[in-house]
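The values are calculated or read from the model by the stated rules, or taken from the named source; none is laboratory data. Fair warning: this is a prediction, and the values are worked out from it, not measured in the lab. In this analysis, Cβ positions are derived from the backbone assuming ideal geometry, glycine residues included, and neighbour counts consider all displayed protein chains. Surface areas here come from the heavy atoms of the whole protein model, side chains and all, with no ligands, DNA or RNA. Shrake-Rupley method; radii C 1.70, N 1.55, O 1.52, S 1.80 Å.
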Amino acid sequence: MSETIISVQNLNKTFGDHEVLRKIDMDIHVGEIICIVGSSGSGKSTLLRCMNRLEHQTSGKIMFYGKEVRDVQREINEYRSRVGMVFQSFNLFHNMTVLENCMLCTRKVLHLVKEEAFDRAITHLKAVGMAPYINARPSQLSGGQKQRVAIARALCMNPEVLLFDEPTSALDPEMVGEVLNVMKKLAVTGLTMVIVTHEMAFARDVSTRTIFMDGGYVAEDAPPARLFTNPKNSRTREFLSRYLAG
Amino acid sequence: MLNIFAIENPENSMEWMIFLANKYAGMFWKGTGLTLFIAVLGTLLGFLVGYVIGMIQDAQTSPGDHVIRRLLLKLIKFAAAVYVEIFRDTPMIVQAMIIYFGIRQAGVEITPVSAGILVTVLNTGAYMAETVRAGIGSIDQGQREGAWAMGMSPMKTMVYIVLPQAFKNIIPEMANTFLTNLKMTSVLNVIAVQELFMAAKTVGGNYYKYFESYLVIAVIYFVLCFAFNKVFNFLEKRMSGKSDYALAAEYMDND
């Protein structure tokens, strides 16, 4: 097995009395494409947000290359600059153009010179087919276009892992395809990805490992070939049958 | 040609207004200048105070930060909250008296104009702090998370992402504050600042024509505010940006 990038250890998260994550243990290795599936409220997004420290865990640890990411702002910033994230709601900066969105953090966090930041932005925008729109503002783009820019923006940081939090859930059905295609292209580049999704066909075809979450637990963690054809857990079976029927 | 400024023996209120405005033009001009000076400087510095306080009130520490850092921020936040509360809950005219006479009593020779500016700054700062806080609060949390997720510090996120958007949202309120200040400088006559209100009071006293004298400055206040309002509306439209964009043709060939 290749090197572990992120290791989630005995992670628990409660919102008041509500236990959202229970005793999560998970290792993410270099080159893996992990899809996390499960019904709404099963804790998948919260787990991803804990991984990027946007959510404070109640107990447990997040390890990055074997070293704990502590609750110190500087360490969190450094960690986040190496772990990218793509959101369901895109979160493109409204006060900036597409190009500025892609250059801001490479300039201000990685301190790249302007030319280098620009080259990176153009390279990644070209890869997602959004280079012609560098002068547009987020409000002038469709959902699918916004998400492709958001992916390019995250890639500009050269992340070691890229986390996707339901990247297609806010999109019209006809735009889901264009975003999934970009992600499929990324998958073959060897980038490590963790994807929370409801796109079962995508999870089955693209992931190297699929995780089914239920009630805050990791109910099943298996290669997609096994999880989708021969699930061990009864809840997984129930969940998948609903999706296959629908 | 009839020169309307050549009225020698004014008979009605209209003529008195013209007569007074003409005879004491210098005083009215000076008053207008001082009113504008205090309002502009006081408002700008007040905005600065408001932005700093508004940002402080939004600042957060994480549980892992050093205990002194967390304590310090709590202390600063508390002091800021006390300041905002005091200045929002007392009338500006009273603040002017207390600050002017308080400082003089402490042995510092402050001029009425400096005291007037200081009062305007502190008053504007307190109101602006609340406006900025609300403006910051109106920005979708996702904007911040988008920046944080790429390793931007909370401070950089504030400066590059949140504040520019909040600023745009609160421009109408900032224009409002300025216009309010322009008019509120009139209360500074209580500490003998020679602004417009003071000018009208003096001029009116010379001929016992208070009604006409105050009408003159009413017109001046109105014209000033009306003009600034138009300018602000124009700026706001300009700030909203272009509604279209040019495709970068050089990158059209994608694959």
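Brief remarks follow.
- Listing of the stretch B:62-87 residues, each with accessible area lower by at least 20 Å² in the full protein assembly than in the chain alone (probe 1.4 Å): B:SER62, B:PRO63, B:GLY64, B:ASP65
- The Rg/Rh ratio for chain A is 0.96, where Rg is the radius of gyration of the alpha carbons and Rh is the Kirkwood radius.
- Efficiency of FRET from Cβ geometry, B:ILE171 and A:ASP17, R₀ 41 Å, rounded to 0.05: 0.40
- Overall shape: oblate for chain B, with the ratio a/c of the largest to smallest alpha carbon gyration tensor axis at 1.5 or above and b/c at least equal to a/b.
- Expected-Rg normalisation [2.2 N^0.38 Å, Cα atoms] applied to the stretch B:163-255: 1.84
- Peptide B:242-250 is shielded by partner chain Cβ atoms: per residue, an average of 5 of them sit within 10 Å of its Cβ.
- Shape analysis of the stretch A:179-246 yields a ratio of the Cα radius of gyration to the Kirkwood radius, Rg/Rh, of 0.97.
- If you take the Cα centroid of the stretch A:1-70 and the Cα centroid of the stretch B:164-203, the two points sit 54 Å apart.
- Think of a 1.4 Å ball rolled over the protein heavy atoms: the stretch A:88-167 then has 33 Å² of accessible area per residue.
- Sorted from greatest to least, the principal axis extents spanned by the alpha carbons of the stretch B:1-102 come out as 81, 29, 19 Å.
- At least 20 Å² accessible surface lost relative to isolated chain, residues of the stretch B:136-152 (1.4 Å probe): B:GLY142, B:GLN143, B:GLU145, B:GLY146, B:TRP148, B:ALA149, B:MET150, B:GLY151, B:MET152
- Using a probe radius of 1.4 angstrom, the carbon and sulfur fraction of the accessible surface of chain A is 49%.
- Over the stretch A:103-246, volume per residue of the alpha carbon convex hull, in Å³: 129
- Over every Cα atom in the stretch A:89-157, the radius of gyration and the widest Cα-Cα span, Dmax, amount to 10.6, 30 Å.
- Listed residue pairs exceeding 19 Å between alpha carbons, taken from B:LYS30/B:LYS183; A:LYS13/B:LYS156; A:LYS114/A:LYS185; B:LYS168/B:LYS237; A:LYS108/B:LYS168; A:LYS23/A:LYS44: A:LYS13/B:LYS156; A:LYS114/A:LYS185; A:LYS108/B:LYS168
- Buried area at the A-B interface (accessible, heavy atoms, 1.4 Å probe, summed, Å²): 3000
- Nearest-0.05 FRET efficiency for A:GLU78 and B:VAL159, computed from C-beta distance (R0 25 Å): 0.85
- The orientation-averaged shadow of the Cα convex hull for the stretch A:1-141, equal to a quarter of the hull surface, comes to 10.7 nm².
- Overall form of the stretch A:131-175 per C-alpha gyration tensor (a/c, 1.5; a/b vs b/c): oblate
- Chain B - percent of accessible surface contributed by carbon and sulfur, probe 1.4 Å: 66
- Kirkwood Rh and Cα Rg combined as Rg/Rh, the protein assembly as shown: 1.15
- Whole-number accessible area per residue in Å² for chain B, which is evaluated in the context of all protein chains at 1.4 Å: 56
- Using the rule -39500 (n - 2.57) for each DSSP H run of four or more residues, divided by the residues of the protein assembly as shown, the 222 nm mean residue ellipticity is -18000 deg cm²/dmol.
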